[in-house]
Structures are given as structure tokens and as C-alpha cells.
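Trainee: Dropping the structure in here first, questions after.
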Amino acid sequence: MTLPLIVLLPLLGSLVPLLGARAGRTGSACLTAILPLCALVLTIFLSVSVFDGQIIRYSLPWVPQLGLELAFRLDGLSLLFALLILGIGLLIIVYARYYLAPEDSMARFYSYLMLFMTSMLGIVTSDNLLLLWFFWELTSISSFLLISFWTHQSSARKGARMALAVTGAGGLCLLAGFMLIGKIVGTFDIGTILDSGDMIREHPAYMVVLVLVLIGAFSKSAQFPFQFWLPHAMSAPTPVSAYLHSATMVKAGIFLMIRLYPVISGTDAWYYIVTLVGLFTMFYGAYMAMVQYDLKGLLAYSTISHLGLITMLLGLDTRLSTLAAVFHVVNHAIFKASLFMAVGIVDHECGTRDSRKLGGLRKYMPFTAALATVAGASMAGVPLLNGFISKEMFLTESLQTQNLGGLSWLIPALATVGSALSVAYSLRLVVDVFYRGAPRFLPKEPHEAPRPMRLPIEVLILLCLAVGMFPAQIVGPLLDVAMSVVAPNAMDGQDLSLWHGFNLPLMMSIAAMVFGAVLYLLRGGLNSFRRDFLVTDAKYVFEGAVQRATAFCARALDRFDSRSLQRYVFLMMAMMLVLASFGLLRMPVLMGEVPMQPLDPYIIVGATLMGTGAIATVYFQRQRLIALICLSITELMVILTFLRFSAPDLALTQLVVSTVTVILMLLTLFFLPQQTPKASSGIRILRDLILAGAIGIVIASINFAVLTQPYETIGNFFTEQAKPGGGGYNVVNVILVDFRGFDTFGEIAVLGIAALGVLKLLNRMKIFVPTTSAENRPWSPEYYPTIFGSVSQVLFPLALMVSVYIFLRGHNLPGGGFIGGLVAASALIMLYMARGVEWTLRRLRVDYQHVIAAGLLVAAFTGMGAWAFGEPFLTSWFDYFHLPLIGELELATALLFDLGIYLVVIGSTMMILANLGKLATPHSPAREARKASTKSTTMEHH
């Protein structure tokens, strides 16, 4: 159970900042850091077992029918990424305390940040593909919230929408790829899938799987052609950029490719797609970084370039290249987080990130300049720093590829040029800002940042130096255990040392640094070359595409949408008629083997009355009260039909539902014209009559065909198991509260939500309340007849007693929470009708929203009670007890669940009907005059 806490603690941590919002800035940061720190300690504690070669797993069934489990694993790879996510995340929490402005909501920021951390931890520790995809999409949502944190900025909103659209679309492709993998292997368990690489590669659908998975990974890690969204994510606050670009979201796609490397790599398709995409992305990002004036823009494009480098290493598909890719993930996270935070300090203390205004800041910010210099040198691959070692491994491995035949020399040549560009934009970042020129037109006087704000950078710079000088001792064991699940034995024979002699990779590295320095000196030519091209902003291109798509949909809707409800219903019914008739026409014989039941006078009379009531309802449709009475006849015959065929539960339910429905329709029709004019022509009426008749014939034929065919029913199982499995003789009720209890819980939740929706719809609604009849005769001044009020006083407690009786007996006899709740609601509505809304509200102080909430909580806690005994959610329990004077008594937890249903039904029904009743409360002139007179007399008295 310890493993899920690594994900659960940061999730709980997303609530801590909101609860501790009044603790002040430092207090909020400290409180936020507690739970991630505990998760980091747990990760380090579990790492002892991982270093011993174990894979720690935890699994809890979630939706086993779909293959979805709440399954987590901690192996070497997930350990490496978890340490990066938690470690850098804690440093970001400290840094953000001093970066955010006083007017920024720290509670909201930290809450979003913790949700982001949770989603990334979920990705790297998931042991189920569907669960991984769940957290994958959660990163898109949480990053959207972080990128758009400064909602007052248009660039932040546009950048967040772009990031969400691109990564969300890639996530859908990834889901399709995961579904195919699950179909091929037969499971979504990642452990099993990692052992099924040959099966997947040999399957005919391998190419489809590869493309779908790579689209998901490339879109998340900003690889070509999805690289355009990442630079615009820099609209987020710098702490977000530092976290997103170093250890979290953009590394999710890289992690996915590394995680599934044993499964989908090892083919020519993998080599060419991944290598070429990574190579192009590396050059594109490096060139764009060279021509940026915004420092965060420079770092964003450099992130794209380094992600392309890692992708290219994975595409080269050798043990050393994969090791170099994993190693560079660590190095890039360290120096990129420190660089972003250093740029954030410059922006925070100088008021700008424009390199044309900055220069010579070493005089004003010496400590920040020193830290940024070391981090920039690491990004450039200078010896004695961590970036140098992984870059040298990259150059070494580029020499080994032979897949391009006679053109294979291009790979090391282009790798050297890419490394040179990395040196050039690193010099631009460090030299132009801190060592060259002088600041001009700065919004603020530059000065050094507070020491606590620099502390996270100092920690990362120490890591840059430590890993660069002692790589084997610092990260060697971690890389070894990480590679054991990616490319076993990749570390065998590899020397993670600073010096490997004077060899060709070292010469290539020296050439890259020299060439990079030359490119830096010639950067003016690159800038002028850039100006020769039309500069487009991806944000506006994306927004334009969205607006054009929206406009096209609006035009298409106007073209086909007549906004006629009658036409919609006609087309829908006509299509249903065609589809249903197509199936019937293919049947050779309509009647099956089951014999028909004999007709008796009761069935004939009932069917005749039912049909007559339906026809009369249509005929008197423009006279609302008569039509409602005719409809009630049809409902009554349905109730009698249920009784005739031995369904007392359904009959009782229909009886109460009909009563409540008639009241609801009376309240609703009260606001409609009492007589509606004839709006349809004779031809249209004939058309509708033909369509309705045809549908009736087709539906009747389908029912006849189904009922006369022999089939096996699951009803026998419920009938046989109702008593021994559910402890009740009422099969219908046992199904609702036991066998299908989860469905019922969902239904009452929907019922409560619908009632809340009606409440918000009717809240403060002002509509016309008629005061005269259709013949223009005023309503009777006696709104609440005395006889009705007197009778209601007698019937109200009796109806409530019947409601409780029906509720209590529902487990063994016709009844239950749903029927009992409707009976109680009918009694309450009777009181409203007899005494009026105002009179009732003064005496019956009930908040029906609280009643709904109480019902849902009772039902939920009843279901969760089964967990205490190791049983699935909503597993019921029952037993028999002998009580003195009472005798044997059955007690079942299903009764508590039924109580929740009872409360939700009462609350939902009353919330709808009572609020409609408030709208229908008449206000006569005489009554208003009496109120005004009373108010005037009271004022004179005072």
C-alpha cells in the first residue's frame, strides 16, 4: 500500500494550499511542500528494494471487465523519473514563493502545481496502459490550468488552448494505439506487454500501433510536426515553465517511448521515423533558439532541440544510444530547470526578458550570473559538467550507425552541427545577458534576487558539477537499474567517466564548441536571414484555424438546421421507421414458436380503453385539461395491465408516478395557453397520421416477434438468488438495491443533478401568471378551499405513514425506497396545494438540496461500508435476529441503501414541484391591495 501513496500524497497536496490560504506566502509554500516531501522520502525508501533488482507492484481492481486496474509499479525507470519529478518539483515550490507577485493567488497556483505533479507521477508509475492514459490526459488538463494561470493575458489563454488541443488530440491517437496493443496482447498490464515485444512487432497491425503511439509521444514532447505549441507555453509563470520544460510534461512523451522501447523498437520503421523526426526537430529548435530575443523563447526552443536529440538517440536503437538518451533526460532536467529559474530571476528583478535591453548584468547580479554561466555551459556540453558526458555519448553513438548506407556519414556530421548550434545559443543566453554590453531602458533597476530564490538553482548547479565530475558514483547505479527494464545489460562495459582519451568523439566535441563560438560571432547574419522570411505566430495561426472551423460549422448548421422541432422529430421518426422496417423485411416469418395467450374480456376492454385514451389525448390536444384527463385514462390502463400480468411493484410505482406526473403537468400547463390554435394544415396532419400509424405497426410487429420467440432470460437467476443472495423475496427491489445497486446509485445521482438543474433554471424566474380562464372569467378568490385544507390535515400524516410502511416492507413485499419516496412527495405536494406555498414554507422548513445530499451520502457510505470487510463496493449483507416480543427480524444493509434512494426521490421531486408551485402562486389585485394596506398601516404605527 506504500507505493500508491507516492501518487496519492501529491494529489491530497492539491487541497492543502486551498485550505492553508491564510497561512501567508511562506506558510503556504511550506504547507504545500510537506506532502511531496513525504512522497519523495517514500520513493527513496522504496528505492532500496528497486536497487536490489525488485519491481514493486500494487494492484487494485477498478473496472476489471475493461481490463482497467488501479495498478502501479516502481522499477528502475519509474524510480528515475519519480525522483526528477518530486525533487525538481520541491525546488519549484520554494522558487515560486518568491517569484509570484502579491496579487497572484498562491493557493490556486500551488493547487494546480500539485495536480500537475500528481498526473506526471501517475504516468511514470502506472502498471496499466489505460491508467497511464488517464494520467496522460490529466497532464494536459493540469498544464492547461497552469499555462493559463495569468488569465488576464491573451497570450496565456491562447497558448493554453493550443497546448490542450494538440496534446489532447495526440492523447486520442495514443488511446487508439493502447487499445490495439491490448487487443494484440490480450491485456493492458504493462508488465505483460513489456514481455510481448515479439508478438507486437510480428503482428500485422504493428505499423498502426507504432504510428499511433508515436503521434501521442511526439505531440506531448513537441516533436515535429507538433513542435509549434511548446514555445507558446512560455506564457505561463516561469516556475511552471521551469517545471514543464525540465521534468514533467514534455518528458512524458520521452518517457513513453523509453517505457515501450522493448515493445515497439527494433524495426526499420522505428529507426527511420524516430531518428529522422528527432534529427529534424533538433535542428529546427536549435536554429529558432538562435534568433530569439525573448530569453524564455530561447530556452523553449532549446528544449525542443534537446528533446529532438533524445528522440534521435532512441531512434538509433542501440544499447549505448538508449543509455545516452536516458542519461540526457537527467542532465537536461537539471540544467534546464536551473536556466529557466535564472531567467525568471532576471525577468523578476529587471522587468523584462528582452535580450536587446539586457546586458552586463554580472555587475548587478553576480551570483545569478555565475549560476546561469555554469548551467549554460552544461547545456553547451563544456567538460567537467554533466551535459558534456551525455553529449559525448551522443556523438560516439552517431558514429556507429550504418542504416543509411553510403550516407551514414551524415548522422555524425549533423550531430556535430547540432551540438555546435547548442553551444551558440548557450553563448547567446549567457554572454549577451550577463557579460556583454550594458542594460538599456529597463523597467526596473536590476539587483540581485533574495538568497532563498537562488537556493533551488544552487542545488541544481551542484548537481551539474557533481554528475559532471563523478558520473559513475552519482548517477551510475540509478542509470544501471533504470536500463535494466529498458535495455538489459546496456551498462555492461560502459565507462561513465569524464575522460575516455583523445578520440574521434572528443575531436567532434571540440569542433562543435569552436564552430558554435563562430556561429555566435556570426549571429547577426542568422538574424538577418531570419528577417528575410515572413514571421508567423503559431498562436494566431492556431486561433485563426479554430475560428475558421467554427465559422464553417456555423455556416453548415445554418445550411441544414431549420430550427424546427417538428421537422427534427419527423426526420428522427422517419429514420427510425426505415431502420426498423429493414430488419423486419429480412425476417421470413414474424411469429415465433411461443404460443399466444388467450384473449379474455378484461384484456379486450383494457386495450380498447387504452387506445381510446391515447386517441382522445391527440384529438383534444389543444384543450389542455381534457387532454390530461384522457392521458390519465391511458396511464390507468397501463397500471391495470401490470396488475393483470402479476407485476404489483410496477403497478404501484406507475400509480404513484402517474399521480406526481399529473401534478407536474398541471403546474407546467398552467403557464401555457389554455387553448392553442390549430397550427397544422390538413396535409401535414395526414402526413403525421401516416407516419405515426406506420411506426405503431412496425413497433407492434417488433414486440410481437420478440415475445413469440423462445429465449433464455436472466430473470430466472434473479428469481432463484433473490432470497439466498439478497435476503429478500421482492425480486424487483433486490435487483435495484443489491444485484444492480451500482446502476441505481448512478440513477439517483442523475436524478439529484437534474433536480438541481431545474432549481437553477427556475430560480428567480419571472413569468406571466394567468388570473383568468379561457373565457376571460377571473379565478375564484378562494385559492385554498377550506374543505381541501381540512381533508389534507387528516390525509397528510396518513400518507406519510403509508410512505414509511411501503419503504420498510420493500425488501420482501411490493414497495421500496423509490415508491415510498414518491408517496411522501405526493403527501407534501398535497399540503402545498391545500395550504399554499407561503403557509407551508413557514411551517415546513426543509432545504430539499440538503435532503438530496443526505440521500446520496447515505447510499454512498452504505456502499463503501463493504470495503471495511474486503468486499466490493455496494456488496450487501443481511442476517436474522430474534428479538423478545417481536420475534425473528431480518436486518439488511440494503435497507440503508434504500433509505438513500428514499431521501433522494423526496428531495428531487419536491425541489421540482415546489419551485414550479412558487411560480404558479397567484397574485390577485385584491390580495396585493390588502398587502399594501397592511404595510402602510404598519409604517404609520411605527
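Trainee: Between a first residue in segment 462-475 that is more than 21 Å from ALA370 (Cβ to Cβ) and a second residue that is assigned to a helix (DSSP H, G or I) and at pLDDT 90 or above, which pairs have beta carbons less than 7 Å apart while being 6 or more apart in sequence or on different chains?
Mentor: As it stands, the answer is ILE474/ALA466; ILE474/VAL467; VAL475/VAL330; VAL475/VAL467, since those pairs meet every condition given.
Trainee: With the checklist (1) modelled with pLDDT under 90; (2) part of a helix (DSSP H, G or I); (3) over 22 Å from the mean Cα position of the chain (by Cα) in hand, flag the one item GLY53 doesn't pass.
Mentor: For GLY53, the failing item is (2).
Trainee: Scanning segment 151-164 for residues that are buried (at least 17 other Cβ atoms within 10 Å of the Cβ) and not charged (D, E, K, R), which turns out farthest from LEU70 (Cα to Cα)? Talk me through it step by step, then tell me what you get.
Mentor: Keep residues of segment 151-164 that are buried (at least 17 other Cβ atoms within 10 Å of the Cβ), which gives 156-164.
Still in the running and not charged (D, E, K, R): 156, 159-160, 162-164.
Details: ALA156: 34, GLY159: 33, ALA160: 29, MET162: 31, ALA163: 28, LEU164: 25 Å.
Per the stated criteria, the residue is ALA156.
Trainee: Write out, first by first residue and then by second, each pair whose Cβ atoms fall under 8 Å of each other, whose residues are 6+ apart or on separate chains, and whose first residue, in segment 536-554, is in contact (Cβ under 8 Å) with a residue 40 or more places away in the chain and more than 22 Å from MET288 (Cα to Cα) while the second is of a type in the set (A, V, I, L, M) and in a helix (DSSP H, G or I).
Mentor: Listed by first residue and then by second, the contacts come to VAL546/ALA165.
Trainee: Being in a helix (DSSP H, G or I) and surrounded by fewer than 22 Cβ atoms within 10 Å (Cβ to Cβ) narrows it down to one of MET257, MET282, MET288, so name that one. Show your work before the answer.
Mentor: Values: MET257 fails: surrounded by fewer than 22 Cβ atoms within 10 Å (Cβ to Cβ); MET282 fails: surrounded by fewer than 22 Cβ atoms within 10 Å (Cβ to Cβ).
Every option except MET288 fails the conditions.
Trainee: Taking ILE141, is it surrounded by fewer than 17 Cβ atoms within 10 Å (Cβ to Cβ) and under 20 Å from the mean Cα position of the chain (by Cα)?
Mentor: Numbers: surrounded by fewer than 17 Cβ atoms within 10 Å (Cβ to Cβ): yes; under 20 Å from the mean Cα position of the chain (by Cα): yes.
Answer is yes for this residue.
Trainee: Among the helices (runs of 4 or more DSSP H) confined wholly to segment 451-490, which include 1 or more residues that are modelled with pLDDT of 90 or more and of a type in the set (Lys, Arg)? Reasoning before the result, please.
Mentor: Details: elements: 451-469, 471-474, 476-483.
In segment 451-490, the matching helices (runs of 4 or more DSSP H) lie at 451-469.
Trainee: Also, I was wondering about something else. Can you say whether VAL240 is closer than 26 Å to VAL346 by Cβ, in contact (Cβ under 8 Å) with a residue 12 or more places away in the chain, assigned to a helix (DSSP H, G or I) and under 21 Å from the mean Cα position of the chain (by Cα), as far as the supplied structure shows? Break it down stepwise before answering.
Mentor: On the way: closer than 26 Å to VAL346 by Cβ: yes; in contact (Cβ under 8 Å) with a residue 12 or more places away in the chain: yes; assigned to a helix (DSSP H, G or I): yes; under 21 Å from the mean Cα position of the chain (by Cα): yes.
Yes; evaluated as a whole, the condition is true for this residue.
Trainee: Considering only segment 209-226, state which residues are crowded, with 24+ Cβ neighbours inside 10 Å and part of a loop (DSSP other than H, G, I, E, B).
Mentor: Listed by number, the residues that qualify are SER221, ALA222, GLN223.
Trainee: I would also like to ask the following. Does segment 771-819 hold any residues that are closer than 18 Å to ALA651 by Cα and modelled with pLDDT under 70, and which are they?
Mentor: Hits for segment 771-819: nothing passes.
Trainee: Quick one: ALA23 ticks every box in (1) in contact (Cβ under 8 Å) with a residue 12 or more places away in the chain; (2) in a helix (DSSP H, G or I) except a single one, so which number is it?
Mentor: Every condition holds for ALA23 apart from (1).
Trainee: I'm told ALA868 meets every condition in (1) loosely packed, with under 11 Cβ neighbours inside 10 Å; (2) modelled with pLDDT of 80 or more; (3) closer than 30 Å to PHE788 by Cα; (4) not polar (S, T, N, Q) except one. Can you identify the failing condition by its number?
Mentor: (3)
Trainee: Being buried (at least 19 other Cβ atoms within 10 Å of the Cβ) and either touching a helix residue (DSSP H, G or I) at 6+ places or on another chain (Cβ under 9 Å) or among the small types (Gly, Ala, Ser) (or both) narrows it down to one of GLY170, GLY186, GLY191, so name that one. Let's see the steps before the verdict.
Mentor: On the way: GLY186 fails: buried (at least 19 other Cβ atoms within 10 Å of the Cβ); GLY191 fails: buried (at least 19 other Cβ atoms within 10 Å of the Cβ).
Within the list GLY170, GLY186, GLY191, the selection yields GLY170.
Trainee: When the residues of segment 105-138 are filtered to those that are hydroxyl-bearing (Ser, Thr, Tyr) and over 19 Å from LYS220 (Cβ atoms), which remaining residue is surrounded by the most Cβ atoms within 10 Å (Cβ to Cβ)?
Mentor: Applying the first criterion (hydroxyl-bearing (Ser, Thr, Tyr)) to segment 105-138 yields 105, 110-112, 118-119, 125-126.
Next, from what is left, pick out any that are over 19 Å from LYS220 (Cβ atoms): 105, 110-111.
Values: SER105: 14, TYR110: 27, SER111: 22.
Step by step, filter segment 105-138, then rank; the result is TYR110.
Trainee: Could I ask something else about it? Let me confirm something: among ASP898, ASP847, which residue is of a type in the set (D, E, K, R), without any contact (Cβ under 8 Å) to a residue 40 or more places away in the chain and closer than 25 Å to VAL750 by Cα?
Mentor: Values: ASP898 fails: without any contact (Cβ under 8 Å) to a residue 40 or more places away in the chain.
The conditions single out ASP847.
Trainee: Within the set of pairs 6 or more residues apart or between chains, which connect a residue that is under 15 Å from ILE181 (Cβ atoms) inside segment 258-276 to a residue that is assigned to a loop (DSSP other than H, G, I, E, B) and among the hydroxyl-bearing types (Ser, Thr, Tyr) with Cβ atoms less than 9 Å apart?
Mentor: VAL263/SER196
Trainee: Restricting attention to segment 804-811, does a residue exist that is in contact with a Leu (Cβ under 7 Å, 6 or more places away or on another chain) and in contact (Cβ under 8 Å) with a residue 60 or more places away in the chain?
Mentor: Kept after step one, since they are in contact with a Leu (Cβ under 7 Å, 6 or more places away or on another chain), are these residues of segment 804-811: 811.
Applying the additional criterion that residues be in contact (Cβ under 8 Å) with a residue 60 or more places away in the chain yields 811.
Among the residues of segment 804-811, at least one is in contact with a Leu (Cβ under 7 Å, 6 or more places away or on another chain) and in contact (Cβ under 8 Å) with a residue 60 or more places away in the chain, which makes the answer yes.
Trainee: Of (1) in contact with an Asp or Glu (Cβ under 9 Å, 6 or more places away or on another chain); (2) surrounded by fewer than 24 Cβ atoms within 10 Å (Cβ to Cβ), ILE345 satisfies all except one. Which?
Mentor: The failed condition is (2).
Trainee: Looking only at segment 724-759, which residues are more than 30 Å from ALA853 (Cβ to Cβ) and surrounded by fewer than 15 Cβ atoms within 10 Å (Cβ to Cβ)?
Mentor: So in segment 724-759, the residues more than 30 Å from ALA853 (Cβ to Cβ) come out as 724-725, 729, 731.
PRO724, TYR729, listed by residue number.
Trainee: Quick one: which helices (runs of 4 or more DSSP H) sit completely within segment 91-205 and have at least 2 residues that are touching a Pro at 6+ places or on another chain (Cβ under 8 Å) and farther than 25 Å from PHE228 by Cα?
Mentor: Working: elements: 106-125, 129-147, 154-185, 190-194, 197-201.
In segment 91-205, the matching helices (runs of 4 or more DSSP H) lie at 106-125.
Trainee: For segment 88-139, how many residues are touching a Phe, Trp or Tyr at 6+ places or on another chain (Cβ under 9 Å), among the small types (Gly, Ala, Ser) and within 18 Å of LEU15 (Cα to Cα)?
Mentor: 5
Residue-wise test of (1) without any contact (Cβ under 8 Å) to a residue 24 or more places away in the chain; (2) among the small types (Gly, Ala, Ser); (3) not in a helix (DSSP H, G or I).
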{"site": "PHE570", "(1), (2), (3)": "no, no, no"}
{"site": "MET573", "(1), (2), (3)": "no, no, no"}
{"site": "LEU577", "(1), (2), (3)": "no, no, no"}
{"site": "MET587", "(1), (2), (3)": "no, no, yes"}
{"site": "MET591", "(1), (2), (3)": "no, no, yes"}
{"site": "LEU599", "(1), (2), (3)": "yes, no, yes"}
{"site": "ILE603", "(1), (2), (3)": "no, no, no"}
{"site": "GLY613", "(1), (2), (3)": "no, yes, no"}
{"site": "THR617", "(1), (2), (3)": "yes, no, no"}
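Trainee: Scan segment 812-824 for residues that are touching a helix residue (DSSP H, G or I) at 6+ places or on another chain (Cβ under 6 Å) and not aromatic (Phe, Trp, Tyr) and jot them down. Quick ask: steps written out before the conclusion?
Mentor: First pass over segment 812-824, keeping only residues touching a helix residue (DSSP H, G or I) at 6+ places or on another chain (Cβ under 6 Å): 814-824.
Hits for segment 812-824 are PRO814, GLY815, GLY816, GLY817, ILE819, GLY820, GLY821, LEU822, VAL823, ALA824.
Trainee: What's the number of the only condition in (1) surrounded by fewer than 19 Cβ atoms within 10 Å (Cβ to Cβ); (2) assigned to a helix (DSSP H, G or I) that SER59 fails to meet?
Mentor: (2)
The rows are residues; the columns are (1) more than 47 Å from the chain's Cα centre (by Cα); (2) surrounded by 16 or more Cβ atoms within 10 Å (Cβ to Cβ); (3) not polar (S, T, N, Q).
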| site | (1), (2), (3) |
| --- | --- |
| PRO595 | yes, no, yes |
| ASP600 | yes, no, yes |
| THR608 | yes, no, no |
| GLY613 | yes, yes, yes |
| ARG624 | no, yes, yes |
| SER632 | no, yes, no |
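Trainee: Looking only at segment 9-20, count how many residues are assigned to a helix (DSSP H, G or I) and touching a residue at least 60 places away in the same chain (Cβ under 8 Å). First the steps, then the outcome.
Mentor: To start, the set of residues in segment 9-20 that are assigned to a helix (DSSP H, G or I) comprises 9-13, 16-19.
Checking which are touching a residue at least 60 places away in the same chain (Cβ under 8 Å) leaves us with 10-11, 13, 16-18.
The number of residues fulfilling the criteria is 6.
So that you can scan it fast, the table gives a plain yes or no per residue for (1) within 27 Å of LEU521 (Cβ to Cβ); (2) assigned to a loop (DSSP other than H, G, I, E, B); (3) in contact with a strand residue (DSSP E or B) (Cβ under 9 Å, 6 or more places away or on another chain); (4) touching a residue at least 60 places away in the same chain (Cβ under 8 Å):
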position: HIS348; (1), (2), (3), (4): no, no, no, yes
position: PHE367; (1), (2), (3), (4): no, no, no, yes
position: VAL374; (1), (2), (3), (4): yes, no, no, yes
position: PRO383; (1), (2), (3), (4): yes, yes, no, yes
position: GLY387; (1), (2), (3), (4): yes, no, no, yes
position: SER390; (1), (2), (3), (4): yes, no, no, yes
position: ALA415; (1), (2), (3), (4): yes, no, no, yes
position: SER419; (1), (2), (3), (4): yes, no, no, yes
position: VAL423; (1), (2), (3), (4): yes, no, no, yes
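The values are calculated or read from the model by the stated rules, or taken from the named source; none is laboratory data. Everything numeric here is computed off the predicted structure, so don't read it as measured data. Note that we place each Cβ from the backbone using ideal geometry, even for glycine, and neighbour counts take in every protein chain shown.
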